[in-house]
Amino acid sequence: MTDSAKETPKPPAHAAKKRQKIPRRITKDRLRNIALYHLQRYATSAANLNNVLYRRVLKAAKHHETDMDEAKGWITDVIDGLVRSSAIDDTRYADGKTLTMLRRGQSPRKVRAYLASKGINQDSISAALSAAGEEIGDVDLKAAAAYAMRRRLGPFRIEDATQEKKQKELAILGRAGFRYETARKIIDAETEDDLF
């Protein structure tokens, strides 16, 4: 046998396992840098940033000895500093996210649930929806119209609708979180001008 026959073949490049990257040790300065980098990339609320930083601490704690109580204190200090410097403003975040979601066709119920999941309190959510109402009018109808346009429902449908098709469209709007009256108005409209 030759030497080349004794060598074991190398596995293909795609079969090589990716080495797990070990996170660096967490310090207060590192947490501040992580928070600032996150804020450069994403708009966020204070509660959501708290969750992001806490997950990073947990990830690092698996590999390094970390005092979790001290790390929680650092997270609180970092977030308080960012709130004081206006880098994080839950009201501004709620207002911007509300308008964006409504213009994309998300129902006010879905907006309310999303903002609550990000740690925004109900008073701020209600204020954001009211401010959006002042800016764009009937938020439920405008959002439903945007959703219908995207999904080609109601006056935006391509072919004529049978009663069965209208019932299906009504169900689609209901599952998307829109009120029955709003969904009925969208489905019964012949043209876009009938909506507003």
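Bear in mind these aren't lab numbers, they're just calculated from the coordinates by the rules spelled out. Everything quoted here is computed from the prediction, not taken from an experiment. For neighbour counting, all protein chains shown are included, and Cβ atoms are generated from backbone atoms with ideal geometry for every residue, glycine included.
General remarks:
- Once exposed loop trypsin sites (Lys or Arg not before Pro) are cut out (DSSP; at most 16 other Cβ, 10 Å), longest piece of the chain: 105-151
- Value of relative contact order over the chain, rounded to a whole percent, pairs C-alpha under 8 Å and six or more apart: 18
- Candidate values (1) 1, 7, 12, 12, 10, 9, 8, 8, 8, 7, 6, 4, 2, 2, 1, 1, 0, 0; (2) 1, 7, 16, 20, 20, 17, 11, 5, 2, 1, 0; (3) 1, 7, 12, 16, 17, 15, 12, 8, 6, 3, 2, 1, 0, 0, label of the one derived for P(r) over Cα pairs in 5 Å bins from 0, in percent: (1)
- Entries of 97/118; 118/185; 142/166; 62/118; 97/165; 28/62 with Cα pairs more than 21 Å apart: 118/185; 62/118; 97/165
- Electrostatic dipole magnitude of the chain [Cβ: Lys, Arg +1; Asp, Glu -1; Cα centre; debye, to 20]: 1260
- Charged side chains reduced to their Cβ positions (Lys and Arg at +1, Asp and Glu at -1) give the range 97-196 a dipole of some 660 debye around its Cα centre.
- By the helix-only formula, in which each DSSP H run with n ≥ 4 contributes -39500 (n - 2.57) and the sum is divided by residues, the chain has a 222 nm mean residue ellipticity of -20000 deg cm²/dmol.
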